[in-house]
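Trainee: Just dropping this structure here.
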Amino acid sequence: VLLVSVKATSLVSAERSHQTLDVLLTTPLSAREIVVQKFCGVRRLMFVLAVPFITIFLFEASWRSAVTGGYGYRSEFSVLLYLTASILSVAIYLPMIAWMSFLVGMVLQTQGRAIITSLGIIIFWCVAPVCFLVFIDGVLFRGMLRYDGSAFLMLFSPVAIIPINEFDQYRSIGDAPWTAVTVNFVWYGIWLFVFRQHCLRLANRFLGRCVV
């Protein structure tokens, strides 16, 4: 996430810092095409990162299946569920973070401020929902939320599904793991679409190109 965010944030903000954005805007490419071409570098980085991620996912799924199924242990571990959630976390989270960071880099003028802002948004988005739910559960409801299914609200933090999937703790957010996975990645898939559309649709405004 750090690599993708910094790379995406720097695409436009670095051009501004080096005073080369105005030269780029004189090319016959439309602002939308400039955004798409600049983003290709981030897309290649995500493909490179996906290789070790998927290798780890396949190894862990194979190992956990052998341990829970081949040695007499009983477990509810589902290889299909684990691989689906793991692969979707890479396929949706990384592009979502990339487009969000790219948007921040287009809006803010300096590279350093853009990077700090995008990382701050990521940290807040991941931590704030969890802290809020823990606070209202511990202070207001005295631990009752974990028993009435409200822990499902943990999915408002994009980071929540990762430890839930890794440690097979789907029961902590309800009795329907496939529903949790579906809702989680549809929700963040929508955010991916929103960030991407904002970058493409408002490219002229954010890049400073006047359209006659």
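The values are calculated or read from the model by the stated rules, or taken from the named source; none is laboratory data. Bear in mind that the values here come from a model prediction, so they are computed numbers and not experimental data. Here Cβ is always computed from backbone atoms with ideal geometry, including for glycine, and neighbour counts include all displayed protein chains. Only protein heavy atoms, including side chains, enter the accessible area calculation; ligands, DNA and RNA are left aside. Shrake-Rupley method; radii C 1.70, N 1.55, O 1.52, S 1.80 Å.
Trainee: Taking only Cα atoms and a 10 Å spring cutoff, compute GNM fluctuations for the chain and point out the largest among Phe135, Phe193, Phe156.
Mentor: Fluctuation is largest for Phe135.
Trainee: Rg and Dmax of the chain, Cα atoms, in Å?
Mentor: In order Rg, Dmax, the Cα atoms of the chain give 20.5, 72 Å.
Trainee: Now a separate question. Grab the DSSP H runs of the chain that are 4 residues or longer, score each as -39,500 (n - 2.57), total them, divide by all residues and round the 222 nm result to the nearest 500 deg cm²/dmol.
Mentor: It comes out at -23000 deg cm²/dmol, rounded to the nearest 500.
Trainee: What's the local net charge at Ala8, with K and R +1, D and E -1, over the other residues with C-beta under 11 Å away?
Mentor: Combined, the nearby Lys, Arg, Asp and Glu give +3.
Trainee: Here is a follow-up. Would you tally the net charge around Tyr82, using a Cβ to Cβ cut-off of less than 9 Å, leaving Tyr82 out, and scoring K and R as +1, D and E as -1?
Mentor: -2
Trainee: What accessible surface, in Å², does a 1.4 Å probe find on Arg201, ignoring ligands, DNA and RNA and rounding to the nearest 10?
Mentor: 150 Å²
Trainee: What part of the accessible area of the chain, given as a whole %, is carbon or sulfur when the probe is 1.4 angstrom?
Mentor: On the chain, the fraction of accessible area on carbon and sulfur atoms equals 70 percent.
Trainee: While we're looking at this one, here's another question. So, for region 1-111, what is the accessible surface per residue at a probe of 1.4 Å, expressed in square angstrom?
Mentor: Here the per-residue accessible area is 54 Å².
Trainee: If we sort 116-122, 173-179 on the protection proxy, mean other Cβ atoms within 10 Å, highest first, what's the order? Could the numbers behind the result be given before it?
Mentor: On the way: 116-122: 17.1, 173-179: 15.3.
In descending order of packing, they fall as 116-122, 173-179.
Trainee: Once both axes come from the Cα atoms, what is the angle between helix 111-135 and the longest principal axis of the chain, in degrees from 0 to 90, rounded to 10?
Mentor: 30 degrees
Trainee: Related question: Taking all protein chains together and a probe of 1.4 Å, list Phe132, Phe206 from the most accessible to the least accessible. Don't jump to the answer; show the numbers that get you there.
Mentor: Working: Phe132 130, Phe206 45 Å².
Greatest to least solvent exposure: Phe132, Phe206.
Trainee: Rolling a 1.4 Å sphere over the protein heavy atoms, what is the accessible area per residue of region 150-212, to the nearest Å²?
Mentor: 57 Å²
Trainee: Sticking with this one: Let me check against my output: what whole-number percent is the relative contact order of region 1-136, with C-alpha pairs under 8 Å and at least 6 apart?
Mentor: Averaging sequence separation for qualifying contacts and normalising by length gives 47 percent for region 1-136.
Trainee: Any idea of Val35's accessible area? Nearest 10 Å², probe 1.4 Å.
Mentor: Estimated to the nearest 10 Å², Val35 gives 0 Å².
Trainee: To the nearest 20 debye, what is the magnitude of the charge dipole of the chain about its Cα centre, counting +1 on the Cβ of each Lys and Arg and -1 on the Cβ of each Asp and Glu?
Mentor: Charge dipole of the chain: 600 debye, to the nearest 20.
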